[in-house]
Amino acid sequence: MSGMLLAYTPNVDYRTQYGGLRRVAGSDARVRDPSISDRRILIVEDDPATLHALLELVPGWGYSVDSAGEGQRALMLIEESCPDVMLLDLNLPGGDGFSLLEALRGRGITVPTIVISARSTAADIARCSVLGAKHHLRKPVDPRHLRLLIAELYSQLEVARHRNLDTGN
């Protein structure tokens with residue numbers, strides 16, 4: 001699939017249940033238990049067509065997904081399940097993606113994030129970076145590029161997990 005992600009099927013429940021959280025020794029940061037082998041991604045997107053297309057693509061790449069259409073629901077899912085990666089739109093009802101990134105940072109929660117948004121001014125991209133987002137993609141998204149960025153984040157997570165296991169954290 002190339003170009004903008006389009007298509008929507010109403011009344012489809014794409015949610016999955018997640019494993020537990022653990023605290024990193026000596027900090028309030030929450031991370032996923034490295035013994036949980038499945039790869040979980042949270043998609044935070046309010047546009048039904050884009051959400052549906054992402055929910056069709058991402059599981060096909062071997063990832064489990066959950067989704068939220070607004071920031072408060074996303075924050076609740078992150079606190080409950082601590083996904084490995086988040087795909088985040090900036091334009092959300094009831095608060096934007098920046099607010100969600102700020103709330104996570106304020107709670108000491110780190111989720112490697114790829115921002116996918118039509119908002120792509122230099123100021124928006126810089127703010128995303130300052131708030132901890134790893135990448136920023138402008139809509140429409142090339143699925144091949146998104147897949148490569150997700151794989152890159154998982155490679156970085158694996159390196160970090162092995163380092164933590166080696167040091168006993």
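For region 141-158, the condition of being under 12 Å from the mean Cα position of the chain (by Cα) and more than 15 Å from residue 58 (Cβ to Cβ) holds for none of the residues.
Going by the conditions given, is residue 31 outside any loop (DSSP other than H, G, I, E, B), at pLDDT below 90 and either buried (at least 19 other Cβ atoms within 10 Å of the Cβ) or among the charged types (D, E, K, R) (or both)? Before the answer, list the steps.
Details: outside any loop (DSSP other than H, G, I, E, B): yes; at pLDDT below 90: yes; either buried (at least 19 other Cβ atoms within 10 Å of the Cβ) or among the charged types (D, E, K, R) (or both): yes.
The answer is yes for residue 31.
In region 52-66, which residues are in contact with an Asp or Glu (Cβ under 7 Å, 6 or more places away or on another chain) and surrounded by fewer than 22 Cβ atoms within 10 Å (Cβ to Cβ)? Selection gives 64 alone.
Here residue 94 clears all of (1) in contact with a strand residue (DSSP E or B) (Cβ under 7 Å, 6 or more places away or on another chain); (2) at positive phi except the condition numbered (1). Only a single criterion out of (1) more than 17 Å from residue 118 (Cα to Cα); (2) modelled with pLDDT of 95 or more; (3) in contact with a strand residue (DSSP E or B) (Cβ under 6 Å, 6 or more places away or on another chain) is not satisfied by residue 82, namely (2).
The values are calculated or read from the model by the stated rules, or taken from the named source; none is laboratory data. Everything numeric in this text was worked out from a predicted model, so none of it was measured. Using ideal geometry, Cβ is built from the backbone for each residue, glycine included, and neighbour counts are taken over all protein chains shown.
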